[in-house]
Amino acid sequence: MSYFSPDTASTLAQRIDVIFLGLLALSGAILLLVFCLVVGFSIRYRRGSPAPRGPMPALVSREFEIGWTSATLFLFVFLFWWGVSIEITAFVPPNDAIDVQVVAKQWMWKTLHANGAREINELHVPVGVPVRLAMRSQDVIHSFFVPAFRLKQDVVPGQVHEAWFQATKTGVFHLLCAEYCGTDHSRMRGRIVVMPPDDYAAWLSAQPEGDDLAKDGAQLFVERGCSGCHAPSSRVHAPSLAGLYGRSVALSDGRTVPADEAYLRDSILQPRKDVVAGYEPIMPSFSGRLSEGEIQSLVAYIRSLAKESRP
Ligand code: CUA
């Protein structure tokens, strides 16, 4: 495959290659069939040939027409199902995935591991382990593109995009930006370094410490005044955040939403969008008052509260 396409280095890449080659072979077979019929008929029915030109033979019956029309219909419905099923699994990360935060900005990729290790234009991951990416943009639309993983996800400012991959090979793979994002778009490149799990663990523990995301978040939580209302001891009537992450939340308009990263982020920036049932919409918006990095830290802190409160 390597002459015609990049390495096949993730579970998704393997599945995409099968569907790509399958479609290529099918299209090639149909092309060949049509081509042969065109050539065959143009020789058989050339001017002056004695081939019969009378009415159609009885062979082409109504059943035959219905048969081949429905056969092709089922074939194409199958192709649709095949493609969609791959696309759906491509967006649902397994539960045991390790978490990596990605921030795109003009013109670099910043990555952030759960223990606070930070990288720029690089991402170290273990082989054979699913990795979940939560991606944000600080300025314009970028697109996280790893050809060897067949992974491409637009990163739109103001939203959190989720993607995941599981590398199947160790090595170094290109990370590109696939959305024109300004002057140095073409230089917005990085490397994905896939390592054996032991090497990865050693690499991770060798990263500078004291940089823990959730710890930063805990500090911001007090500094920015969140604790004034959300601390368990607070007199203001605000929802407790302990054990919140990953739960379902009942809202005052009757909806129920999962408390995921996007929900926490929205609740900080647009508190009136999803008001928790039984509470007044009194929280001020922090839009423009927190950087993407600070929001990340706060969300990491709130997630860490969920882990602590679980048995
Ligand atoms: Cu970022 Cu192109």
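Below are the figures for this structure:
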{"item": "Residue order, fewest to most surrounding Cβ atoms within 10 angstrom, among H230, H174", "result": "H174, H230"}
{"item": "Residue order, fewest to most beta carbons within 10 Å, for L23, L73, L123", "result": "L73, L23, L123"}
{"item": "Three-way shape call for the stretch 244-311 based on the alpha-carbon gyration tensor, with the a/c threshold at 1.5", "result": "oblate"}
{"item": "Label-reachable residues, the stretch 65-96, where backbone N falls under 17 Å from a point 7 Å from V34's Cα toward its Cβ", "result": "69, 72-73, 76"}
{"item": "In the stretch 49-149, trypsin sites (Lys or Arg not before Pro) in a DSSP loop with at most 13 other beta-carbon atoms within 10 Å", "result": "R53"}
{"item": "Computed [θ] at 222 nm, helices only, for the chain once each DSSP H run of length n ≥ 4 contributes -39500 (n - 2.57)", "result": "-12000 deg cm²/dmol"}
{"item": "For the stretch 161-215, size of Cβ-based charge dipole, Lys and Arg +1, Asp and Glu -1, in debye", "result": "280 debye"}
{"item": "Computed over the chain: relative contact order in percent, which uses C-alpha pairs under 8 Å that are six or more apart", "result": "15 percent"}
{"item": "FRET efficiency for S234 and T89, using Cβ-Cβ distance with R0 set to 30 Å, rounded to 0.05", "result": "0.10"}
{"item": "Quotient of Cα Rg and 2.2 N^0.38 Å for the stretch 84-240, N being how many residues it contains", "result": "1.17"}
{"item": "For the chain, alpha-carbon Rg over 2.2 N^0.38 Å", "result": "1.40"}
{"item": "Magnitude of the charge dipole, the chain, Cβ model with Lys/Arg +1 and Asp/Glu -1, debye to 20", "result": "1120 debye"}
{"item": "Nearest-20 debye value, the stretch 98-206 charge dipole, Cβ charges on Lys, Arg, Asp, Glu", "result": "160 debye"}
{"item": "Measure of compaction for the stretch 158-287 (Cα Rg per 2.2 N^0.38 Å)", "result": "1.43"}
{"item": "In degrees, nearest ten, helix 62-89 long axis to first principal axis of the chain (Cα)", "result": "20 degrees"}
{"item": "Principal-axis tilt of helix 292-309 within the chain, Cα atoms, nearest 10 degrees", "result": "80 degrees"}
{"item": "Farthest positive-ward along the stretch 1-149 dipole, Cα basis, beta-carbon charges - from I120, A13, V39", "result": "V39"}
{"item": "Ascending count of other beta-carbon atoms within 10 Å, so fewest first, for T111, T72, T89", "result": "T72, T89, T111"}
{"item": "Coil-residue chymotrypsin sites (Phe, Trp or Tyr not before Pro) of the stretch 1-48, DSSP, other Cβ within 10 Å capped at 14", "result": "Y3, F4, Y45"}
{"item": "Theoretical FRET efficiency, 1/(1+(r/R0)^6), r = Cβ-Cβ of T69 and D17, R0 22 Å, to 0.05", "result": "0.10"}
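Laboratory data are not the source of any read-out in this text; all were calculated from the coordinates shown. Note that the structure is predicted; figures quoted are calculated from it, not measured. All Cβ positions, even for glycine, are placed from backbone atoms using ideal geometry, and neighbour counts span all protein chains on display.
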